Amino acid sequence: MRKVAVLLMVAIVAVSGIAVLRAPVAHAQGGALALNEWVEGTLTADAFETTYTISVTAGDVILIEMYAKLGTYDLDPALKLSDSLGEQLDENDDTIGLGAVIVFEVPADGDYTILATRALGADGSSEGDYILRASQITPLAVGSTVEATIYADDAQSYPSVSVLKPEADGTWAINIAQDPGSDLYANFVLQGGKDDFGSPITLFDLDNTVGIRSGTLNVDLKGGEIYLLLITKGFLSFGFETTEIPVTVTIGEAAQ
C-alpha cells in the first residue's frame, strides 16, 4: 500500500458523493450492450447469470458497474470480463458494498463479454433485480472536478465511481468538500492495484465523516496504474433530518 499523507484543514478530511440515477433505458436480459446506458435485469436461482457483449476500441478505458436494484438488498452481484477468444481478463465482487465494478483499458479492438452473475455463481444463493452499465470514460487528471450529491433515500442514488490514471509517478492532492448534516455524510475510498488474492488494494477508506467539511489527501500514485475513486453514503449515515448534501472533489498536484 502506498503512503497517504493526510493534511488537517477546517476539519479533518473525507467525503464523496452519490448521483441521482435516471431510469434504466430497458430491461435487457443479455445481448448487445450499448455503452453509457443503464439497463436492468433479474437473476434467479435457475437463471443466475446473464451474458452481455460490448464492442470497443483499443485504448478505450471502460468502466463496468453492477449493483442490486436501487433500494433493494437481496442480490449480491458479481462480474466477469472476457475477450473475444473467451479468455477471462478480470472479475470482481464487492468493490462497493455488495456492488461489483471492473475498469480496464481495452487491449485490442473487438467484442468483449460481460458475465453478470451473483457472488459464488452456481453455489451462491442471492437473487433479485440489478442495474448494469458499461461506460467509456476519460480518467480524471490534475485540474479535474467531480460534483456529486448524497441522498438519504437509497432508492434515489447509486455510488459515484471515477477513474484516475496518472501518466507518471507523483503525489496528487485530492481536495474534498461536503456540507454534512448531523446524520447524513459521505464515505470516500481510493483503490488501486490488486493484492496477492486478486482483491483491490485500498489506499484509504474514510467512512465516518460526520462534521467534516473539507480537507486534502496527498496520495502517492504510480504512473500508468488505474485507480478507482469511490463516493458513497457513509455506512451509518441515514438522513432523517437532512435529505441530501452536495459533495465536490477536485484533483491537484501536491505542494512540494
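If you take all other residues with their beta carbon under 10 Å from the beta carbon of Ile245, and give Lys and Arg +1 and Asp and Glu -1, the sum is -1. With an a/c value of 1.5 or above and a/b not larger than b/c for the gyration tensor axes a ≥ b ≥ c computed over the alpha-carbon atoms, the stretch 114-256 is described as oblate. Pairs exceeding 22 Å between alpha-carbon atoms, taken from Lys69/Lys233; Lys69/Lys165; Lys69/Lys194: Lys69/Lys165; Lys69/Lys194. For the chain, a Gaussian network of Cα nodes joined below 10 Å ranks Val61, Val210, Val142 by mean-square fluctuation, and the top entry is Val142.
For the stretch 168-226, the spread of Cα positions along the three principal axes, ordered from largest to smallest, is 39, 26, 11 Å. Computed from Cα atoms alone, the Kirkwood hydrodynamic radius reported for the stretch 23-137 is 13.9 Å. Measuring max minus min along each principal axis, the C-alpha atoms of the chain give extents of 52, 44, 32 Å (largest first).
If you place +1 on the Cβ of every Lys and Arg and -1 on the Cβ of every Asp and Glu, how big does the dipole about the Cα centre of the stretch 23-137 come out, in debye to the nearest 20?
Working: 4 positive and 20 negative charges, 54 e Å.
Computed about the Cα centre, the dipole is about 260 debye.
Full extension of the chain between Ser144 and Thr243 yields a length gain of 32.9 nm, computed as 0.36 nm times the residue separation minus the alpha carbon distance. Around the amide H of Ala119, modelled in the peptide plane, lie the amide H atoms of Asp76, Ala78, all under 5 Å away and 5 or more residues distant in sequence or on another chain. Peptide packing for 187-198, 66-77 was compared via the average number of neighbouring C-beta atoms within 10 Å per residue; ordered from the highest value, the list is 66-77, 187-198. When you filter the GluC sites (Glu not before Pro) in the stretch 175-256 for DSSP loop state and at most 16 other Cβ atoms inside 10 Å of their Cβ, you are left with Glu225, Glu241. Modelled this way, with points 7 Å down the Cα-to-C-beta line, the labels at Ser55 and Asp90 are 2.3 nm from one another. Karplus-derived 3J(HN,Hα) values for the stretch 32-42, using 6.51 cos²θ - 1.76 cosθ + 1.60 with θ = phi - 60°, are 5, 10, 6, 6, 6, 10, 6, 10, 10, x, 9 Hz; glycine and proline are entered as x. For the chain, give the magnitude of the charge dipole about the Cα centre (Cβ charges: +1 Lys/Arg, -1 Asp/Glu; no others), in debye to the nearest 20. Result for the chain is approximately 680 debye, rounded to the nearest 20. Residues whose amide H falls under 5 Å from that of Gly30, counting only those 5 or more places apart or on a different chain, are absent, with hydrogens built in the peptide plane.
Quick note: the coordinates plus some simple rules give every number you see, no bench work behind them. Just so it is clear, the structure is predicted and the values come from calculations on it, not from any experiment. Reconstructed Cβ throughout: ideal geometry from the backbone, glycine too, with neighbour counts over all protein chains shown.
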